[in-house]
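Enquirer: Please see the structure below; I have some questions.
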Amino acid sequence: MIFIMKWKFPLAAVIFAIIAQVIHSLGAILGMKYYLMPEYFNVWSKLMMPNAGPPPSSFYLYSLGFGLIGALLLAWVYIIVEKAIPGKTAVKKGLMFGLLLIMIASIPGTLSMLILINLPAGLVFFWFVEGALIYLLGGMVFAGLLKK
């Protein structure tokens, strides 16, 4: 499709990925007590925590790369469903898209995580809030930059 060639599509994805990285970093700082609980050390991947202590720089590079891939996919989804999203302004349309993502991704994912993975409920709640903020802010970025 032609929209992939436009500069706004990759720009929207990069901005979304930056927003996500900032919010996840703040969330990690605020929820650090959970990451330092020894009883959960075996839950973390070897990429994130090969040894006790902070993640290596390679983890952040992977995180940015994976975040950008996810942002590109979400930007593409926004373009596909944009006409069906209610709202006359970019803010309203973006918030509605963010709410849609929360309902179809964050809520089911959070509930599944609670019953499948041995993690503190407080950490899972932190992750839900992080995701919700990212989707709402990112939705506004998409609606502002990717309008037709």
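The values are calculated or read from the model by the stated rules, or taken from the named source; none is laboratory data. These numbers were taken from a predicted model, which means no experiment stands behind them. Reconstructed Cβ throughout: ideal geometry from the backbone, glycine too, with neighbour counts over all protein chains shown. Ligands, DNA and RNA are excluded from the accessible area calculation, which covers all protein heavy atoms including side chains. Shrake-Rupley method; radii C 1.70, N 1.55, O 1.52, S 1.80 Å.
Enquirer: Would you mind stating whether Leu114 is more than 12 Å from Phe16 (Cα to Cα) and either surrounded by 18 or more Cβ atoms within 10 Å (Cβ to Cβ) or out of contact with any Lys or Arg (no Cβ under 7 Å at 6 or more places or on another chain) (or both)?
Expert: Taking the combined requirement at face value, the residue satisfies it.
Enquirer: Do you know which residues across segment 97-123 are over 24 Å from Ala143 (Cα atoms) and among the hydrophobic types (A, V, I, L, M, F, W, C)?
Expert: Listed by number, the residues that qualify are Leu111, Met113, Leu114, Ile115, Leu116, Ile117, Leu119, Ala121, Leu123.
Enquirer: Does Leu100 qualify as being surrounded by 15 or more Cβ atoms within 10 Å (Cβ to Cβ) and free of Cβ contacts under 8 Å to residues at least 60 places away in the same chain?
Expert: Yes: the conditions hold for Leu100.
Enquirer: Test Leu68 against the criterion of being assigned to a helix (DSSP H, G or I), closer than 17 Å to Lys8 by Cα and without any contact (Cβ under 8 Å) to a residue 60 or more places away in the chain, and give yes or no.
Expert: yes
Here is a yes/no grid of residues against (1) touching a Lys or Arg at 6+ places or on another chain (Cβ under 6 Å); (2) at pLDDT below 85; (3) in a helix (DSSP H, G or I):
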| site | (1), (2), (3) |
| --- | --- |
| Ala13 | no, no, yes |
| Val22 | no, no, yes |
| Leu26 | no, no, yes |
| Lys33 | no, no, yes |
| Phe41 | no, yes, yes |
| Ser45 | no, yes, no |
| Pro50 | no, yes, no |
| Gly53 | no, yes, no |
| Ser58 | no, no, yes |
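Enquirer: While we're on this one: Is it true that Ala75 is under 13 Å from Tyr135 (Cα atoms), open to solvent by less than 80 Å² (accessible area, probe 1.4 Å), touching a residue at least 12 places away in the same chain (Cβ under 8 Å) and hydrophobic (A, V, I, L, M, F, W, C)?
Expert: Considered against the rule, which asks whether it is under 13 Å from Tyr135 (Cα atoms), open to solvent by less than 80 Å² (accessible area, probe 1.4 Å), touching a residue at least 12 places away in the same chain (Cβ under 8 Å) and hydrophobic (A, V, I, L, M, F, W, C), Ala75 comes out as yes.
Enquirer: Looking at (1) crowded, with 17+ Cβ neighbours inside 10 Å; (2) over 23 Å from Lys33 (Cα atoms), which is the only condition Ile134 fails?
Expert: Tallying (1) crowded, with 17+ Cβ neighbours inside 10 Å; (2) over 23 Å from Lys33 (Cα atoms), Ile134 fails exactly one: (2).
Enquirer: Kindly establish whether Thr89 is open to solvent by 50 Å² or more (accessible area, probe 1.4 Å), within 30 Å of Phe9 (Cα to Cα), among the polar types (S, T, N, Q) and touching a helix residue (DSSP H, G or I) at 6+ places or on another chain (Cβ under 9 Å).
Expert: Spelling it out, Thr89 is indeed open to solvent by 50 Å² or more (accessible area, probe 1.4 Å), within 30 Å of Phe9 (Cα to Cα), among the polar types (S, T, N, Q) and touching a helix residue (DSSP H, G or I) at 6+ places or on another chain (Cβ under 9 Å).
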